[in-house]
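**Student:** Please see the structure below; I have some questions.
No value in this document is a laboratory result; all are computed from the given coordinates. Everything numeric here is computed off the predicted structure, so don't read it as measured data. Using ideal geometry, Cβ is built from the backbone for each residue, glycine included, and neighbour counts are taken over all protein chains shown.
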Amino acid sequence: MKRHAKKLTALLCTAAMAAALLAGCSSGGDSQTADQAPVAQDEESKTEAAAQTADSAEQAAQPASDVVLELETTWTGEMLEGLQQIMDDFTAETGIGVEVISPGDDYENVMKTRMASGDLPDLWETHGWSTTRYSEYLTPLNDEPWVSHVKESIKKTVTDSQGNIYVVPLSIDPASICYNRDIFDEAGVDATTIRTWADFEAACDKLLTTGKVPVYVGGKSVNNIANLFEVMAPGFLTNEDVPDNQGAALLDGSFDWEANWTPLAQMLDGWQQKGYFNKDILTASDDASIQALANGDGAIVISGNHTITQALSYNPDARLGIMAIPSPNEGGKVYVSSGEGSCYGIWKDTEYPEESRKLLEYLARDDVSVKVATINGKIPAMEGVTNDNEYVTKEFNIMMNAFGDDLLYVNYFDREFLPSGMWNDMGVAGNEIFMNPGKGIEKCVETIKTAYDEKISQ
């Protein structure tokens, strides 16, 4: 924050100097008239006032202390602006400055570089990796007063095998299936009866009769292609009710990709050939899929539940619901991937441990954590906290109540079982299916296996 204020001051000072120079040479020495002199003086007064205003702005923006915490986040756009406002409020209340940094899509690479160099921010968003990737760099927070208020559904995800919690979780990011109730009603489909992928396909066949797209995917972003595998993989490979659980094999490098990943690729290829996806799947934007869900052009979007919040911004009257992820096996349990939403931890070697703890304590406060969850459209992670996204919470509860003990909560597949950086590789592999319908299965498996072998060897 300090440096931004200094930049502003420098710019204004430069503008003032330029104005002064222009005033002195615009008409040329002795040729200046009496009428021009007051104008020049007036301009000089204005620039001086501007410089004074800049100085005042700098003083106001700077923290009362000399401490300026560096906080790195994945947020961008309007979400980033909202987070910055929260940090500005913290500074106003405590006098501790916070410089928010957002590398955008390059976040993962930036953090890898910073870990390798030992130059980490004071605090950063762990983005689902608090225990599996970042724990050795983070400060244990077990004794913080807010820990007792963390919801059990997320506490397990952010706690390691030794019982250490390294982050303050501010929101939960459940990934399931979002659907348009009006289209489902038109097709005669009850989402609470869909327990297997066979049930899901039968529902899609009915949805096709409405003339609407059963499953709309904004495949222009490989993230949305990757998400298809992300959602399906636990039920096939790693859930507690999977007969031949492959979790250990994925972690130790012995996983047989041809035998175990091919069924997932075959299922997506089958959906493509049956016409379940939008025809422009590889060129449709993420925003297009959200609008399709909102406007009734698409029945289903497989994504995080924040999709509903985004869709409602386009059509507040839309009737949207949340569906559990089906099991591939008859009698298997349905599930949701419930991972870290917005979670922030403290670098173990920060120069400002106490100030950093104050920031996390501030973020964990009910009135602040609700702002964070509202901004990113997710479910609050603290007990007793509700947010403006009550629609999402209500629909999530309807889904939970429908399945009761038959509903599993699992961590995100890639975060728990794949090497760092595999998310993008899942998307690239999935593209092989959609670029070559009926012919891309082998290439899909080969692509993701090659990426896995390369990364796990590192």
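**Student:** Please list, in chain and number order, the residues 5+ apart from SER221 or on another chain whose amide H is under 5 Å from its amide H, with Hs placed from the backbone.
**Tutor:** Hits under the 5 Å cutoff: ASP286.
**Student:** About its Cα centre, what dipole magnitude does the range 247-308 give when the only charges are +1 on Lys and Arg Cβ and -1 on Asp and Glu Cβ, stated in debye to the nearest 20?
**Tutor:** Result for the range 247-308 is approximately 220 debye, rounded to the nearest 20.
**Student:** Shifting gears a bit: How high is the relative contact order of the range 263-355, in percent, counting Cα pairs under 8 Å that sit 6 or more residues apart?
**Tutor:** 14 percent
**Student:** Give the angle, between 0 and 90 degrees and rounded to the nearest 10, that separates the Cα long axis of helix 353-364 from the longest principal axis of the Cα atoms of the chain.
**Tutor:** Between the helix axis and the principal axis of the chain, the angle is about 60 degrees.
**Student:** Would you mind computing, in nm to one decimal, how far apart the modelled labels at GLN85 and ALA202 are, each placed 7 Å from Cα along Cα→Cβ?
**Tutor:** Here the answer is 4.8 nm between the modelled labels.
**Student:** Residue by residue, what Karplus-based ³J(HN,Hα) values in Hz, rounded to whole numbers, does the range 254-266 have, using 6.51, -1.76 and 1.60 with θ = phi - 60° and x for Gly and Pro?
**Tutor:** 9, 4, 8, 5, 4, 6, 9, 8, 4, x, 5, 5, 5
**Student:** Shape call for the range 298-365 from the C-alpha gyration tensor, a ≥ b ≥ c root eigenvalues: rounded (a/c under 1.5), prolate (a/b greater than b/c) or oblate?
**Tutor:** oblate
**Student:** For the chain, with the dipole built from +1 on Lys and Arg beta-carbon atoms and -1 on Asp and Glu ones, taken about the Cα centre, which of ILE398, PRO103, TYR412 lies farthest toward the positive end?
**Tutor:** In the chain, that residue is ILE398.
**Student:** Which shape class applies to the range 249-327: rounded if a/c is under 1.5, otherwise prolate when a/b exceeds b/c and oblate if not, where a ≥ b ≥ c are the square roots of the Cα gyration tensor eigenvalues? All intermediate terms of the calculation are to be shown ahead of the outcome.
**Tutor:** On the way: a/c = 2.68, a/b = 1.90, b/c = 1.41.
Here the range 249-327 falls in the prolate category.
**Student:** Rounded to whole Hz and in sequence order, give me ³J(HN,Hα) for the range 441-451 from the Karplus expression 6.51 cos²θ - 1.76 cosθ + 1.60, θ = phi - 60°, writing x for Gly and Pro.
**Tutor:** 5, 4, 5, 4, 5, 4, 5, 6, 5, 4, 5
**Student:** Rounding to the nearest 20 debye, state how big the charge dipole of the chain is about its Cα centre with +1 on each Lys and Arg Cβ and -1 on each Asp and Glu Cβ.
**Tutor:** Charge dipole of the chain: 760 debye, to the nearest 20.
**Student:** Could you list which residues have their amide H under 5 Å from that of LEU408, counting only those 5 or more apart in sequence or on another chain, with H placed in the peptide plane?
**Tutor:** Correct list: VAL334, TYR335, VAL336.
**Student:** Please tell me which of these pairs span more than 29 angstrom C-alpha to C-alpha: LYS333/LYS455; LYS333/LYS378; LYS155/LYS449?
**Tutor:** With Cα atoms farther than 29 Å apart: LYS333/LYS455; LYS155/LYS449.
**Student:** A follow-up question, please. Give the residue from ALA373, TYR452, SER313 lying farthest towards the positive end of the charge dipole for the chain; charges sit on Cβ (+1 for Lys and Arg, -1 for Asp and Glu) and the dipole is referred to the Cα centre.
**Tutor:** TYR452
**Student:** Let me have the relative contact order for the range 164-230, percent, based on Cα pairs under 8 Å that are six or more residues apart.
**Tutor:** 21 percent
**Student:** Then there is this: Quick check: residue separation of GLN162 and THR283 times 0.36 nm, minus the Cα distance between them. What number comes out in nm?
**Tutor:** Numbers: separation 121, 0.36 × 121 = 43.56 nm, distance 4.53 nm.
Here the segment from GLN162 to THR283 would lengthen by 39.0 nm.
**Student:** Starting from the 7 Å offset along Cα-to-Cβ, what nm value, one decimal, do you get for the label separation of THR386 and MET435?
**Tutor:** Going by the 7 Å Cα→Cβ label model, 4.9 nm.
**Student:** What does the highest-first list of 212-223, 187-198, 280-291 look like by mean Cβ count within 10 Å?
**Tutor:** Numbers: 212-223: 22.8, 187-198: 16.6, 280-291: 18.8.
Packing order, densest peptide first, comes out as 212-223, 280-291, 187-198.
**Student:** GLU72's amide H: which non-local residues (gap 5+, or another chain) put their own amide H closer than 5 Å, with H modeled 1.01 Å from N in plane and none for Pro or chain starts?
**Tutor:** ILE101, LEU123, TRP124, GLU125
**Student:** Mind listing the phi-derived Karplus ³J(HN,Hα) values for the range 232-243, rounded to whole Hz, using 6.51, -1.76 and 1.60 with θ = phi - 60°, and x for any glycine or proline?
**Tutor:** Once rounded to whole Hz, the list reads 7, 4, x, x, 7, 10, 10, 5, 5, 9, 6, x.
**Student:** Just flag the GluC sites (Glu not before Pro) in the range 224-300 sitting in loop per DSSP whose Cβ has no more than 11 other Cβ atoms within 10 Å.
**Tutor:** Of the GluC sites (Glu not before Pro), the ones in loops of the range 224-300 whose Cβ has at most 11 other Cβ atoms within 10 Å are GLU240.
**Student:** Also: Would you kindly state how much longer the chain becomes between GLU351 and GLN266 on full extension, computed as 0.36 nm times their sequence separation minus their alpha carbon distance, in nm to one decimal?
**Tutor:** 25.4 nm
**Student:** To continue, here is another question. Counting Lys and Arg as +1 and Asp and Glu as -1, what is the net charge of the other residues whose Cβ lies under 9 Å from the Cβ of SER171? Walk me through the intermediate numbers first.
**Tutor:** Details: positive: LYS378; negative: ASP173, GLU340.
Taking every Cβ under 9 Å from that of SER171, the sum is -1.
**Student:** Charges at C-beta only: +1 for Lys and Arg, -1 for Asp and Glu. How large is the resulting dipole of the range 114-168 about its Cα centre, in Debye rounded to 20?
**Tutor:** 240 debye
**Student:** Here's a follow-up. Would you calculate a helix-derived [θ] at 222 nm for the chain, using -39,500 (n - 2.57) for each DSSP H run of n ≥ 4 and dividing by the full residue count, to the nearest 500?
**Tutor:** Numbers: 18 runs with 229 residues, N = 458.
Roughly -16000 deg cm²/dmol at 222 nm, from the helical runs in the chain.
**Student:** Below 8 Å between Cα atoms, with a sequence gap of 6+, how large is the relative contact order for the range 376-448 in percent? Could you put the intermediate results ahead of the total?
**Tutor:** Values: 34 pairs, mean separation 12.0, N = 73.
Once normalised by length, the contact order is 16 percent.
**Student:** Using only the Cα atoms of the range 337-379, build the gyration tensor, take square roots of its eigenvalues as a ≥ b ≥ c, and label the shape rounded, prolate or oblate: rounded if a/c is under 1.5, else prolate if a/b is larger than b/c, else oblate.
**Tutor:** Oblate is the answer for the range 337-379, as a/c is 1.5 or above yet b/c matches or exceeds a/b.
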